[in-house]
Amino acid sequence: MTTQAGDAAQERLRRWRLVLGGEAADGTGHALTGRDAAMDGALSALYGKGDRPAAGRERTAGLGASAPAVARWLGDIRTYFPASVVQVMQRDAIDRLGLSTLLLEPEMLEAVEPDVHLVGTLLSLNKAMPEETKETARAVVRKVVDDLEQRLATRTRATLTGALDRSARVHRPRHHDVDWNRTIAANLKHYLPEHGTVAPERLIGYGRAGRSVRKDVVLCVDQSGSMAASVVHAAVFGAVLASMRSISTRLVVFDTAVVDLTDQLDDPVDVLFGTRLGGGTDINRALAYCQSRITRPTETVVVLISDLYEGGIRGEMLKRVAAMQAAGVRFVTLLALSDEGAPAYDRDHAAALAALGAPAFACTPDLFPEVMAAAIEKRPLPIPDTA
């Protein structure tokens with residue numbers, strides 16, 4: 001027991017030493033060796049641990065702007081830490097040390113761990129990217145997009161196919177159109193034991209062969225810098241929806257200008273490189289464009305993905321939402337489409353939209369298929385408890 005207690009105490013000291021960084025005041029007195037020392041060096045290079053700075057000097061991290069040093073460091077952190085931690089450290093390195101410009105070098109891009117946040121950074125650098133880097137950047141973006149599609153596509157198609165099937169059913173069917181299994185299940189409370197049968201109060205039918213059940217979906221996506229992760233996920237979902245025959249999908253991105261990327265939806269990587277992250281925001285202008293493209297309002301779902309920081313005409317924006325809803329459009333407002341947690345957003349605009357019957361809430365990629373299914377079926381949206 002004494003040996004076990006000693007080992008546990010040493011392990012606690014080791015962990016505290018890694019957390020505190022080994023400065024004179026850490027109080028552990030524990031020296032690191034081998035793999036632990038290498039991990040500590042990688043952390044120190046980013047988070048500025050190591051010797052205490054002299055009085056009056058700020059402690060700085062140790063990567064500088066040296067591409068070879070950063071490339072080695074990227075290799076080290078991929079060796080010593082799991083992918084989820086590597087992605088966080090990469091993001092911190094870009095933010096804390098201003099390493100964005102180094103991502104314009106192909107050698108650097110080949111060393112990084114691809115993730116949604118890295119894609120957002122690359123897209124923001126797209127216009128400044130030299131030609132020799134663009135092919136490598138597209139490969140990085142392609143890997144992230146393919147991983148997202150593999151994770152999200154099957155469930156999205158299955159969920160929406162079910163919703164489209166249910167929305168196509170008719171409740172005054174002709175005899176040969178009756179879906180007897182669903183009709184019996186819906187009328188079991190009308191079972192007549194003395195006759196051994198069900199007396200259906202209502203009949204549920206299949207959609208008629210000639211009946212159009214096609215839905216129109218408009219994704220209207222804010223491409224301001226804070227929405228980078230949402231833009232990536234929207235491009236993937238746009239491509240998935242566009243692959244479904246029973247859904248006509250339009251993808252519109254906007255800042256102060258409006259760009260329709262619908263003709264590029266067969267390849268979400270092309271969509272992403274057609275965006276322009278950063279800049280101002282004119283939601284009213286974007287909604288005006290979307291409204292002008294609606295031809296079947298009662299069969300249309302408009303999804304606005306924005307943090308609602310409007311630079312355009314607020315009153316006109318709200319009037320457009322009200323007009324679309326009055327015409328029969330199902331309007332959905334997502335403050336974010338990402339796994340990043342609660343976003344920052346304009347609470348006044350969110351409250352105004354909620355008053356119009358269009359509540360605004362953040363949505364994870366995993367929840368998005370359910371939100372779209374509810375919108376298609378015109379039933380209440382599955383708003384998260386944290387919204």
Label point distance in nm, Trp180-Asp76, each placed 7 Å from Cα along Cα→Cβ: 7.4 nm
Per-residue Cβ neighbour rank within 10 angstrom, fewest leading, His195, His117: His195, His117
Any idea how far apart Ile313 and Lys127 come out in nm if each label point goes 7 Å out from Cα toward Cβ? 2.7 nm
Full extension between Ala351 and Leu13 adds, at 0.36 nm per residue less the Cα distance, a length in nm of 116.7 nm
Please find the FRET efficiency linking Thr161 to Ala139, where r is the Cβ-Cβ separation and R0 is fixed at 41 Å, and quote it to the nearest 0.05. 0.80
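Please report, in cubic angstrom per residue, the volume enclosed by the convex hull of the alpha-carbon atoms of region 82-128. Can you show the working numbers first?
Working: hull volume 3.1 nm³, N = 47.
Convex hull volume per residue, Cα atoms: 66 Å³.
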Amide H contacts of Val198 (H built 1.01 Å from N, under 5 Å, at least 5 apart or other chain): Leu192
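Only the coordinates and a few stated rules stand behind these numbers; no lab work does. Note that this is a predicted model, so its numbers are computed, not measured. Backbone-built Cβ (ideal geometry, glycine too); neighbour counts: all protein chains shown.
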